[in-house]
Amino acid sequence: MSAKPATQLTAPRPSKLKPAIPSGVLGVLIFIFTEIMFFSGLISAHTIVKSQAAGQMWPPYGQPRLPVGETALNSLALLVSGVVLVFTWFAFKRDPERARIPLLISIALGLVFVGFQGVEWVALLSEGLTMQSSAYGGFFYLIVGSHAIHAVGALIALIWAYDRSSKGRLTSTQLGTVSAFWYFVVLVWPVLYWQVYL
Amino acid sequence: MADTLVEVQKQEIHGQDHEHHDQGFVSKYIFSTDHKIIGMQYMFTGMLMAVIGGYMAYVFRMQLAFPGISVPGFGQVSPGEYNSLITNHGSIMIFWVAMPVLIAAFGNFLIPLMIGADDMVFPRINRLSFQVFFISSVVLLISLFVEGGGFGGAWTSYPPLSANADYNQTQLGASLWLIAVALEFVAFLLGGINFITTLMNSRAPGMKAYDIPMVCWMIVIASILFMLSVGPLLAGAVMLLFDQTLNTGFYDPARGGDPILWQHLFWFFGHPEVYVVLLPAIGITVEVMATFSRKKLFGYKLVLYTAVATGVLSFFVWAHHQFIAGIDPRMANVFTVTTLLISVPIAEMLFVMIATLYGGSITLTTPMLWALSFLAEFLIGGVTGIFLGASGADIYFHDTYFVLAHFHYTFFPIAIIGTFCAFTYWFPKMFGKMMNETLGKIHFWGTIIPFNFIFIPLFVLGMGGQHRRIYNFEHFPEIAGPEYFQLREIATIALLIMLAFQAVFFFNVVMSWWKGEDAGKNPWKANTLEWTTDSPAPHGNWPVEDLPTVYRGPYEYGHPDREEDYWPQNLPG
């Protein structure tokens, strides 16, 4: 920025810029920040409505309680899946071949989580909790449903990564990109569980 | 066998040829991944939408000044149509004109050229971004013609009016409007990810953080603000869409919901959005001012840090839109303080512009005139904002024409003056031809003078207590005195004059593009990298082996040790 002295008329040719974070990972990180704000919006809306509930009744009268215990167990499956994916990353760094099995375990645990959430929804619907029955039901399906859509999307990305790794064509940037998104899905869930279920 | 091998090798070599092969018309102009073409697509779509938005303004201003007349080109305006027109005028001008032109069009066109990259980091995501945006524009235009007409609940779309078709009478129009807005946000999310990543990772060798031209910084800071603020609004939009279509009760107090909730979610986005469009306009203006006063930008780092500070503060001012919505008065006090605080960094940027001009060798070209008028007009918009930011005064001014005049004095300089400033400045780089200066100046004065005649009367009307959402003032005899009608007529006639002068602009663009003087590489003798390549820049921007290298900051004008008064960023000495 500062003016150079007159004597120094030729400067050495600068070297090429080395990105601190690969572009793919950076792109998905920015996307994750937006997603965090999206879930913050949902959670703060939920908190406001909950704090204004008639007679401080939450869940409102006539609405079923959410299955706190079963979902806690299910949450554990999701968290373990995230931990296994961390091991996948380190295994991949040593030898891409050895990353395939932990990646598969991570995907399987993720599928268990999503499947069990689906079973839970069917049970709750039969107990009379729908999006229209109250703001409580509306927020439950909206928030947990948004998370489920993200989980399914991230699982599809992980399966795509597994498919590439079985062909030996998975790069570390690709694995980093899809893992970053799965970590987001895993880490946002405890917050949602705490806010919506407890 | 040998022949096929050679074929394969040839193909491989061709594949490595950096995509500089000839493209057909469709792949070059419709489904292009070239950032310059995508920028143009955004710009022309945005300008088309601006014409539609301007036409809407013409129709409802005619109705306001001459209630009940058959408006030429439209016919009688019914109350429902009036509501739909003002709603869609606002939505179009903000979401389909200001954002696509200022951020998407100039961001796409300028960022890679100014930082010396051959294209965006994710060209295909960039193309997807425009396609989603284009679909959103089509959905919005369709929403105007469905059964029941276009949505008429104002661009802020407050529930319960917007949530329930029994109130707004536009079952389909309201949902389509909301879907269009949500799609438009998705488009800018994709675009914003590209802008930020490209600026971070694709800069020319030697370009350090403080060598980046200010307009690129501003567009990227605006994109970051957009990314951080849009999430809550998308959440709120999903809830509103469910209220409209699935009959949920998120905003229905009778069923445990809260209508004020939408206002919070909307304005948490809506206020940073003001700075999302303001910052690129300021970036464009300082770029033009530095070039045409042949002086270094005053306080480069100051401007940059101020922009960041503005961005941070803009997240803590949203409730000043809700002072009379029934929020806690103690909270209103806090938001009054933050709102008055945010005028400090903005004032600082205007002072920086003045300091850049001070003592410079100013040339009054058309882009420079637009830049100077930005300074003058935005100042009026900013100063009148102080009255509205103070919660006590706002109780009286809320929802009057004063508010309307205030935000048009901010948005017009941002969206219209900023666009014209950038368009006239970078026209040579876009099309390789110079614009006609005489026609440019006629268009400038024909736009600026009527603009003030439109909105200064509206300030007076607002201070007289005229409410901004009244369809026909003759229905309210106690506030429909003749002096008020005269002011409304002045505003409407000034609008007609201003719209007529836009023809000069379109004529100028077509004539200059067709028969204009050749621009050469660097007609303005500017320093930044986009002026080192051909005009218009080829696919890939520079020859692959000859991408530029940066040795200094972008504003080295009038250096005492050099014969020329400019010093391009890419010259070693």
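Kirkwood hydrodynamic radius (Cα pairs, Å) of the protein assembly as shown?
28.4
For the stretch B:32-212, place one equal point scatterer on every Cα, skip the solvent, and apply the Debye formula. What is log10 of I(q)/I(0) at q = 0.12, 0.15 Å⁻¹?
Cα-only, vacuum Debye calculation for the stretch B:32-212: -0.62, -0.84.
Relative contact order of chain B: what whole-number percent is it, with Cα pairs under 8 angstrom and at least 6 residues apart?
15
Within the stretch B:32-212, what whole-number % of the accessible surface is contributed by carbon and sulfur, with the 1.4 Å probe and all protein chains included in the calculation?
69
Within 10 Å of each Cβ of A:32-41, how many other protein chain Cβ atoms are there on average?
Averaged over the peptide's residues, the number is 6.
May I ask for the Rg/Rh ratio of the stretch A:38-197, computed from Cα atoms with Rh as the Kirkwood radius, given to two decimals?
Looking at the stretch A:38-197, the ratio lands at 1.06.
List the relative contact order of the stretch B:454-573 as a percent without decimals, with contacts defined as Cα pairs under 8 Å and 6+ residues apart.
18
Quick one: dipole size for the protein assembly as shown, taken about the Cα centre, charges +1 on Lys/Arg Cβ and -1 on Asp/Glu Cβ, in debye to the nearest 20.
1300
Evaluate peptide B:238-251: per residue, the Cβ atoms of other protein chains within 10 Å of its Cβ; return the mean as an integer.
Mean shielding by partner chains, rounded to a whole number: 4.
Taking all protein chains together and a probe of 1.4 Å, list B:TRP262, A:TRP58 from the most accessible to the least accessible.
So, going from the largest accessible area down, we get A:TRP58, B:TRP262.
With a bin width of 10 angstrom, please list the P(r) values of the stretch B:487-560 as percents of all Cα-Cα pairs, from the 0 bin to the one holding the largest distance.
15, 26, 23, 19, 13, 4, 0
Chains B and A: what accessible area do they bury, summed, in square angstrom to the nearest 100, with a 1.4 Å probe? Mind showing how you got there, number by number?
Working: alone 23550 and 11750 Å², together 31780 Å².
When B and A are taken together, about 3500 Å² of accessible area is lost.
So how tilted is helix A:135-166 from the main axis of chain A? Cα-based, degrees 0 to 90, rounded to 10.
With both axes taken from Cα atoms, the answer is about 40 degrees.
Taking only protein heavy atoms and a 1.4 Å probe, what accessible area per residue, in Å², does the protein assembly as shown have with all protein chains in place?
About 41 Å² of surface per residue is accessible.
What's the extension gain from B:TYR55 to B:ILE493 if we count 0.36 nm per residue and subtract their Cα-Cα distance?
Length gained between B:TYR55 and B:ILE493: 156.3 nm.
Magnitude of the Cβ-charge dipole of chain B, K/R +1 and D/E -1, about the Cα centre, nearest 20 debye?
Using Cβ point charges on Lys, Arg, Asp and Glu, chain B gives about 700 debye.
Helix A:68-94 against the longest principal axis of chain A: what's the angle in degrees, Cα atoms only, rounded to the nearest 10?
20
What is the set of long-range amide H partners of B:TYR566 at a cut-off below 5 Å, with H atoms built 1.01 Å from backbone N?
B:GLY558
Counting only other chains, what is the mean number of Cβ atoms within 10 angstrom of the Cβ of each residue in peptide B:114-122?
Average per residue, whole number: 1.
Please list the helices of chain B that count as membrane-span-like by this rule: a mean Kyte-Doolittle hydropathy of at least 1.6 together with Cα atoms stretching 27 Å or more along the helix axis, each helix being a complete DSSP H run.
Going by DSSP H runs, the hits are B:214-245.
Of A:VAL112, A:LEU192, A:PHE90, which is farthest on the positive side of the dipole of the stretch A:38-197, counting Cα position, with +1 on Lys and Arg Cβ, -1 on Asp and Glu Cβ, and the Cα centre as origin?
Result: A:PHE90, furthest along the dipole toward the positive end.
Okay, helix-only estimate at 222 nm for chain A: each DSSP H run of n ≥ 4 adds -39500 (n - 2.57), divide by all residues, round to 500 deg cm²/dmol; what do you get?
-24500 deg cm²/dmol
Of chain A, which part is the longest with no trypsin sites (Lys or Arg not before Pro) in a loop (DSSP not H, G, I, E, B) and with at most 11 other C-beta atoms within 10 angstrom?
A:66-166
May I ask you to work out the translational diffusion coefficient for chain B at 25 °C, viscosity 0.890 mPa s, via Stokes-Einstein with Rh from the Kirkwood sum over Cα pairs, reported in whole µm²/s?
Estimated via Stokes-Einstein, D reaches 98 µm²/s.
With n ≥ 4 as the cut-off for DSSP H runs, can you work out [θ] at 222 nm for chain B, using -39500 (n - 2.57) per run divided by the number of residues, rounded to the nearest 500? Intermediate results must be reported in sequence, preceding the final value.
Details: 17 runs with 350 residues, N = 573.
Helix contribution divided over all residues of chain B: -21000 deg cm²/dmol.
Considering chain A as a Gaussian network with a 10 Å cut-off on Cα pairs, which listed residue, A:ALA108, A:ALA77, A:ALA20, attains the greatest mean-square fluctuation?
Per the Cα network of chain A with a 10 Å cutoff, A:ALA20 tops the list.
Just want the answer: with Cβ charges of +1 for Lys and Arg and -1 for Asp and Glu, which residue in A:VAL144, B:SER293, A:SER165 is farthest toward the dipole's positive end in the protein assembly as shown?
A:SER165
With +1 on each Lys and Arg Cβ and -1 on each Asp and Glu Cβ, how big is the dipole of the stretch A:38-197 about its Cα centre, in debye rounded to the nearest 20?
480
Please identify, among A:GLN174, A:GLN63, A:GLN132, the residue showing maximal mean-square fluctuation in a Gaussian network model of chain A using a 10 angstrom Cα cutoff.
A:GLN132
The values are calculated or read from the model by the stated rules, or taken from the named source; none is laboratory data. Given the structure is predicted, the values throughout are model-derived calculations rather than measurements. Glycine also receives a Cβ, built like all others from the backbone with ideal geometry; neighbour counts cover every protein chain displayed. All accessible areas refer to the heavy atoms of the entire protein, side chains included, with ligands and DNA or RNA removed. Shrake-Rupley method; radii C 1.70, N 1.55, O 1.52, S 1.80 Å.
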